[in-house]
Amino acid sequence: MTEIRKEEFILKCTSACAGCGGSLCLRYVLKAAGPDTVLVVPACCTSVIQGIYPATAVNIPVYNIAFAAAAACASGMSSAFRALGRKTNVIAYAGDGGTVDIGIQALSGAFERGTDFLYICYDNEAYGNTGMQRSGATPLGARTTTTPGGKPTTKKDLDRIVEAHDPPYMATACSAYPLDLYKKVKRALGIPGPKFIHILAPCPPGWRFPAEQTVEMGKLAVKSGMWVLYEREYGSLTISAPSKAAMRKPVPLEEYIRRQGRFRGITDAALTELRHQADLNLRRLTREAEGIC
Amino acid sequence: MRERLAVSRPVEASSGRTGSWRTFRPVVDREVCNACGLCALYCPEAVIDDDLEIDLAFCKGCGICANECPKKAIEMIREDR
């Protein structure tokens, strides 16, 4: 088993909601990255949960910056550190809105320049800290405050957009599997160049399920095949163990959907489409892992 | 030195003592607990230490520990306040 660092880099306590999936991710990302790390955070839940000025709960340097600028700022920081001969990890830590919608231009630019940094998108599938407005990452049929009848369009496939940049390392993770996340962050930081990790972080108030089920919900997302854990290193894809197990014995998609208030009243057509997409995604990844395409 | 930037410093309780948010308090049955540590692993706030003692000054009472405990050794009991 992986030896997890005992030291915590989040002082008690953030102002995150009880049972926050994003807070759990942040905890393990910082543990994996260690003290010689700078976090670049655009507007997202993480910029709020740090605490109230002039106090912060995060015990490493954090640079809070505008929505669209996280990856650009991290690029500059990384260049400055390397020019000084320092190996400091630069991590851009952004939510899904700041990645798939507003920050995608800066993200694409940084990956094209080959910046030596790690971009982490923790995805709660909506703009959480402003009260759950739909984002490009909101799945089909999910209700948010701006899509009260369920989102009519599908989730933007960010991973395929990032894949098109051919990064040396990219991975998906889920807050319900902290050890898997820890290993992936460690792996990513050991590789030079632009790295990307996409983490699914279930959000109890936004997805409308009880706070104690955050981890359970994350596991259901993986077990139902809605979220596939994998890593792609220099173009070769490996599906992670929890997803491999899920492929052998999947949990019905309804189990995941019905437990969340945001999918209440979802139409059968939307449900069929969600299932179709999950199958398609899984099939594509399996074929790639087997080296068929 | 005068600070020219708005810089926050890391301190404990930057958002106050979040234990006051709690509606349900986790109570561990030490007889049943086998010290597997999954509660500490999954705690989003890292308020469970190596000895699996829960820091009630900060625990928000989300109940993930009780939900994930394989031995069901943690019970969530309503706070009377």
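Results, tabulated for the structure shown:
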item	result
Ratio of Rg to Rh over the protein assembly as shown (Cα coordinates, Kirkwood Rh, two decimals)	0.95
Set of lysines near A:Lys151 by C-alpha distance (under 27 Å), chain-local residues within fewer than 8 positions excluded	A:Lys219, A:Lys223
Over the stretch A:1-135, volume per residue of the alpha carbon convex hull, in Å³	125 Å³
Distance from the stretch A:208-268 to the stretch A:104-181 (C-alpha centre basis), Å	15 Å
In order through the stretch A:69-78: 3J(HN,Hα) via Karplus (6.51 cos²θ - 1.76 cosθ + 1.60), integer Hz, x for Gly, Pro	10, 4, 5, 5, 5, 5, 4, x, 5, 4
Taking only Cα atoms of the stretch B:28-78, radius of gyration then Dmax in Å	9.8, 25
From phi via Karplus (6.51, -1.76, 1.60), per-residue ³J(HN,Hα) for the stretch A:186-197 in Hz, x at Gly/Pro	4, 4, 4, 6, x, 10, x, x, x, 10, 9, 10
For the stretch A:56-152: Kirkwood Rh in Å [reciprocal of mean 1/r, alpha carbons]	14.6 Å
Most mobile listed residue (B:Glu53, B:Glu45, B:Glu12) in chain B, GNM with C-alpha springs under 10 Å	B:Glu12
Kirkwood Rh, angstrom, the stretch A:219-265 [1 / mean 1/r, Cα pairs]	11.6 Å
Other-chain or far-sequence residues with amide H under 5 Å of B:Arg25's (modelled H)	B:Ile77, B:Arg78, B:Glu79
Spatially proximal lysines relative to B:Lys60 (Cα-Cα < 18 Å; intrachain offsets below 8 disregarded)	A:Lys12
Choice from A:Ile199, A:Ile104, A:Ile161 with maximal GNM fluctuation in chain A (Cα, 10 Å cutoff)	A:Ile161
Chain A: angle of helix A:214-223 to the longest principal axis, Cα-based, in degrees nearest 10	70 degrees
Calculated from backbone phi, Karplus (6.51, -1.76, 1.60) coupling profile of the stretch B:23-29 in Hz, x at Gly/Pro	9, 10, 9, x, 10, 8, 8
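Here, each number is a calculation from the coordinates, and none is a lab measurement. This structure is a prediction, so every number in the text was calculated from the model and none was measured.
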